[in-house]
Amino acid sequence: MQFKDVFIDQNLKNKLLELVQTGRIAHAQFFLTHPGSHALALAIALGQYLCCENPSDEDSCGECPSCKQYANLAHPDLHLYFPNCITENIKKDPESSKLANEFRNFVFKHNFFVNINSWLNELKGENKQPSINIRDCSNILYYNSMRSFQNGYKVYILWGADKLYRDAAPKLLKTLEEPEEKSLFILISEEPDKILNTILSRTQLIKITRLSDSSISSNLLKDFPELTEQEANDIAIIANGDYIKASQLASNNEDETDFLEYFEQFFDSIFAFAHRLSLHEINYNGITEIISSISAQGREYQKQFLAFSLKMLRNILLSNTNNKEILKVTHKEQYVLDKFNGKFQLKQVSQMYELCNKAIYHITRYGNVSLILTDLYFQLAKVSV
Ligand SMILES: [Zn+2]
């Protein structure tokens, strides 16, 4: 991966290059990223640049043996760590190295636009708690105590560093504090709150800025030539800097369409229930069907549905408070928003928001989803009266 192929603001690439060239690059970096960014690509490009035999001021050469090994994510001094868990093939003692092939294929398949949810789907391990675990940390310490294979930089990338298992993290403190020469640690995460402060304080913060709508839209036109310019612009606005989401919308991802339908039915029914409308309008059978079809999916899907509902509730709040200009919605979402406009009071909507948030928490804690959603339905109806 060369810097030129990383879809990230050029100023940030220049900043990293300058840090390397002036010898101010800290041995432990924290890439604070956001959903749908190319942060992993940036980390690989940085490692490749440090190990390149013939780098220019702007980029690695892309031709030398080291660059070629990096291009295949197969450089012996590149160590990748990522959340892992027991899978169909790995029945016990999971660790990143055992899933290295799967991870490489996954990264290539998505052209480095990767997020934890899609990785968990790939692992088919979404109902388990994945982590960068104690065995991974022991491996890091082991490689760190060895000489590098090619006499250059050893690069350790911890993708999804917030999933670093709490009891394992302290093992790394000393290494991050007093690293071996020519070693670089890059921690990547969207959720710094979940990382121990003692770890974060030992790193240099690199904030991955969101891409502008116009750069997203022009990249979409390259990746999806069938889109019109107007469509690409609309998608870029909704994606809000998240290129994974933009690509999903561009390829007509079905999930959000389902979510919107579920949301509409759910809240139609809640409104009918709260206002004692007819049983036909309450349509409780329809709700039971929705709940059982959501419960039949994996936990990530369930959380995504609730996150979608949060987004819609937030949009209802915004459109009720005349903040329409900052709304980012599709045509169909606008239709549903208009339908609910004025049906619920602001206070009710914010209580609903809290309730959905709580439900996400309970799902994360492995509660019974069908009970959680049924309970959520009645709680929402209660606050709507
Ligand atoms: Zn090179």
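Could you pull out every one of the aspartates and glutamates with an alpha carbon less than 20 Å from that of Lys343, ignoring same-chain neighbours closer than 8 positions?
Glu261, Glu264, Asp268, Glu281, Glu333, Glu354
Among Cys51, Cys67, which comes first, then next, by fewest other beta-carbon atoms within 10 Å?
Ranking Cys51, Cys67 by Cβ neighbours within 10 Å, fewest first, gives Cys67, Cys51.
Computed over the Cα atoms of segment 276-332, what is the convex hull's projected area averaged over all directions, in nm²?
Mean orientational projected area (segment 276-332, Cα hull): 5.7 nm².
Estimate the FRET efficiency between Gln345 and Leu310 by the formula 1/(1 + (r/R0)^6), using the beta-carbon distance for r and 25 Å for R0, to the nearest 0.05.
That gives a FRET efficiency of 0.90.
Counting other Cβ atoms within 10 Å of each Cβ, which trypsin sites (Lys or Arg not before Pro) in segment 11-85 have at most 14 and sit in a DSSP loop?
The qualifying sites are Arg24.
Identify the chymotrypsin sites (Phe, Trp or Tyr not before Pro) of segment 112-176 meeting these criteria: DSSP loop state and at most 13 other C-beta atoms within 10 Å of the C-beta.
Passing sites in segment 112-176 are Phe149.
Please list the radius of gyration and Dmax for segment 1-82, considering alpha-carbon atoms only, with Å as the unit.
That works out to 12.1, 33 Å for Rg and Dmax.
Which three semi-axes in whole Å describe the equivalent ellipsoid of segment 242-385, each the square root of 5 times a Cα gyration tensor eigenvalue, listed largest first?
Sorted largest first and rounded, they come to 22, 20, 15 Å.
Given the pairs Lys222/Lys311; Lys124/Lys154; Lys303/Lys332; Lys128/Lys347; Lys4/Lys207, which span a C-alpha to C-alpha distance of over 26 angstrom in this model?
Violating the 26 Å limit, Cα to Cα: Lys222/Lys311; Lys124/Lys154; Lys128/Lys347.
Given Cα pairs under 8 Å that are at least 6 residues apart, what percent is the relative contact order of segment 3-207?
31
Taking all pairs of different Cα atoms in the chain, averaging 1/r and flipping that mean, what Kirkwood radius in angstroms comes out?
Mean inverse Cα-Cα distance, inverted, gives 23.0 Å.
Values quoted throughout were computed directly from the atomic coordinates according to the rules given, and no laboratory measurement underlies them. Since this is a predicted model, take the numbers as computed values, not measurements. So basically every Cβ, Gly included, is an ideal-geometry build from the backbone, and we count neighbours across all protein chains shown.
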